[in-house]
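Trainee: Below you'll find the structure I mean.
The values are calculated or read from the model by the stated rules, or taken from the named source; none is laboratory data. Keep in mind that what you see is a predicted model, and the values were worked out from it rather than measured. All Cβ positions, even for glycine, are placed from backbone atoms using ideal geometry, and neighbour counts span all protein chains on display. These accessible areas exclude ligands, DNA and RNA; they are computed on the full protein's heavy atoms, side chains included. Shrake-Rupley method; radii C 1.70, N 1.55, O 1.52, S 1.80 Å.
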Amino acid sequence: RYQPTWGSLDARPLPAWFDEAKFGVFIHWGVFSVPSFGSEWFWWYWQKEKREPYVKFMDTNYPPGFSYEDFGPLFTTEFFDANQWADILKASGAKYVVLTSKHHEGFTLWGSKYSWNWNAVDVGPKRDLVAELATSVRNRTDLHFGLYHSLFEWFNPLFLEDATNAFKTRKFPTSKSLPELYEIVTKYQPEIIWSDGDGNAPDTYWNSTGFLAWLYNDSPVRDTVVTNDRWGAGSLCAHGGFYTCSDRYNPGHLLPHKWENCMTIDRRSWGYRRDARLRDYLAIEDLVKQLAETVSCGGNLLMNIGPTHDGRIAVVFEERLRQVGAWLKVNGEAIYGTRPWRAQNDTVTPGVWYTLSPKEGKVNAIFLNWPVSGILELGEPQAKLGETQVKLAGYKELLKWVALGEKGMVIALPQLTPQQLPCQWGWTLQLTDVN
C-alpha cells in the first residue's frame, strides 16, 4: 500500500497504457465559454486585474452591474451532442481525453453537492455534462476518459479567507476542493486526474498526498489511474505520475521521467475565443511537428480545444483533429506504443525525429520536409549491407539506399505526384536492421 508521502507515491509505477497512448485531447469548457473573449481567465482579468480590453468589452456589451455569475444561465449547451463529440475524438486518433470538470471559476460541469447553485445541473444547461461525455466516450470509442480539476477557485470566500491566514486554516480544501475530487473519482471513475491551480498553497494545505494515497490504494480506478504533477506549490516537475512542468512544455530533448506537453491549437487561449483570427490557430503542419518532437523525446501530446457556450466544437478545431487522425492512420506505427531511440533528432538533416518500435525492432524516422532532390540524408542510423530495409509508411515498395558507414545513410525517396503521397504533412521511414 502507498503511504501519504511523496517518497511512497512517486515510487508507484505509471500504468503502462498512458505511455503507449502518446496522444490525447484536452477540452476547456465552462462559464468562461460564454463571454468567449480574450482568455478562459476572463473573470480574473476583468474583475481582479481590471485589464483594459476586458473592462471595455463588458462596459460596451453588458448592462451596469452585470456580474460574472450572470454568465452562468447563459452557458446553455443547446447544441451539445456527446455522441458527436465522441466521434470527433475517435476520428482524431487520440487515445485519451481530458475534460475540465471545474476550472478556476469554481463552476462544476456535474451536479456537485459541494458546489451549490454553481454547477451545470442547477444553472445553465441543467445537464450533467461530465456524465454525458463519459458515457458517449466509453460507448463509442476506446479512449481513456480523464478529468481536469482546479484545486483553487479565484474568488471563493473560503479560499480567500484561508489565503489571508497564510493557509494555516484549511476551510476551503476540506469543505470544497477535496470532497469534489473524491466525488468525481467515485462517480465517473476517470483514468486521468489532471490537477491544476494550486493557488500558491503548499501540497500540505491541499492534503494532496492523502488524496493520492486513497486514489492509488482504495479508489475504483486504483490500478489504471494516472495523475500529473500539479498538487501544490513545489510539486510541479517534481512529484506525481507524469510531469507537465509548464503549459506548452516541449523541451526538445529526452527527459528521464514520463512527461506530457499540454498545448493549445489556439496559440493564445485554452477556452473558445470569438475574437480569434485564423492566424491564431496552429496549422496541421505545426501540430504534426509538435507530435513528432514530443513523442521522440518520450512525452505525450495533449492537444487542447475550446468548445462554444452552446456546445459546439468549432469547425476549425474539428478539422485540425480530423487532420491529425488522418496523419496517424498512415504514420501511427511511428507514434503509438513507441519508445525513444538513442537519438531523438537527426544530426545532419533538420526536421527529422526518431522513435523506436520495440516489438518489431524498427527505427522510425519522421521527416517533416520532403527534399527537393528526392534524396534524404540521415546522419544517425548506420545501415548494414544486405540486411537493412527501408520502407515509407503508406507506400508498398522498399526504398533504395546507400550506406555512408559511420556517417549514416542516404535514402532515395520514390518519385510521387502530390496525389500519390501517402500523406501531406510529414512522412515516416521505417528502418529495420540498422545499428
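Trainee: Go through the stretch 299-315 and count every residue that is under 28 Å from residue 19 (Cα atoms) and either open to solvent by 10 Å² or more (accessible area, probe 1.4 Å) or free of Cβ contacts under 8 Å to residues at least 40 places away in the same chain (or both).
Mentor: Just the residues of the stretch 299-315 that are under 28 Å from residue 19 (Cα atoms), to begin with: 299-307, 313.
Going one step further and asking which of them are either open to solvent by 10 Å² or more (accessible area, probe 1.4 Å) or free of Cβ contacts under 8 Å to residues at least 40 places away in the same chain (or both), we end up with 313.
Final tally of qualifying residues: 1.
Trainee: Just checking, which of 32, 57 is over 20 Å from residue 146 (Cα atoms), over 21 Å from the mean Cα position of the chain (by Cα) and open to solvent by less than 40 Å² (accessible area, probe 1.4 Å)?
Mentor: On the way: 32 fails: over 21 Å from the mean Cα position of the chain (by Cα).
Exactly one residue qualifies, and that residue is 57.
Trainee: Scanning for something on the phi > 0 side of the Ramachandran plot, open to solvent by less than 30 Å² (accessible area, probe 1.4 Å) and small (Gly, Ala, Ser), does the stretch 398-407 turn up at least one residue?
Mentor: As a first pass, look at the stretch 398-407 and keep what is on the phi > 0 side of the Ramachandran plot: 405.
Among the residues that remain, those that are also open to solvent by less than 30 Å² (accessible area, probe 1.4 Å) are: none.
No, that holds for no residue.
Trainee: Restricting attention to the stretch 248-298, report how many residues are small (Gly, Ala, Ser), over 27 Å from residue 333 (Cβ atoms) and surrounded by fewer than 24 Cβ atoms within 10 Å (Cβ to Cβ).
Mentor: Of the residues in the stretch 248-298, 2 are small (Gly, Ala, Ser), over 27 Å from residue 333 (Cβ atoms) and surrounded by fewer than 24 Cβ atoms within 10 Å (Cβ to Cβ).
Trainee: I need the full set of residues from the stretch 408-435 which are of a type outside the set (A, V, I, L, M), open to solvent by 20 Å² or more (accessible area, probe 1.4 Å) and under 18 Å from residue 326 (Cα atoms), in order please.
Mentor: Correct list: 418, 419, 420, 422, 424, 425.
Trainee: Sticking with this structure for a sec: If I filter the stretch 41-50 for residues that are open to solvent by 10 Å² or more (accessible area, probe 1.4 Å), free of Cβ contacts under 8 Å to residues at least 12 places away in the same chain and at positive phi, do I get at least one hit?
Mentor: Let us first name the residues in the stretch 41-50 that are open to solvent by 10 Å² or more (accessible area, probe 1.4 Å), namely 41, 43-50.
Still in the running and free of Cβ contacts under 8 Å to residues at least 12 places away in the same chain: 45, 49-50.
Now narrow it down to the ones that are at positive phi: 50.
Yes: the stretch 41-50 contains one or more residues that are open to solvent by 10 Å² or more (accessible area, probe 1.4 Å), free of Cβ contacts under 8 Å to residues at least 12 places away in the same chain and at positive phi.
Trainee: May I ask you to list the residues in the stretch 92-123 that are open to solvent by 10 Å² or more (accessible area, probe 1.4 Å) and either touching a Leu at 6+ places or on another chain (Cβ under 7 Å) or among the basic types (Lys, Arg) (or both)?
Mentor: 93, 95, 113 - these are the residues of the stretch 92-123 that are open to solvent by 10 Å² or more (accessible area, probe 1.4 Å) and either touching a Leu at 6+ places or on another chain (Cβ under 7 Å) or among the basic types (Lys, Arg) (or both).
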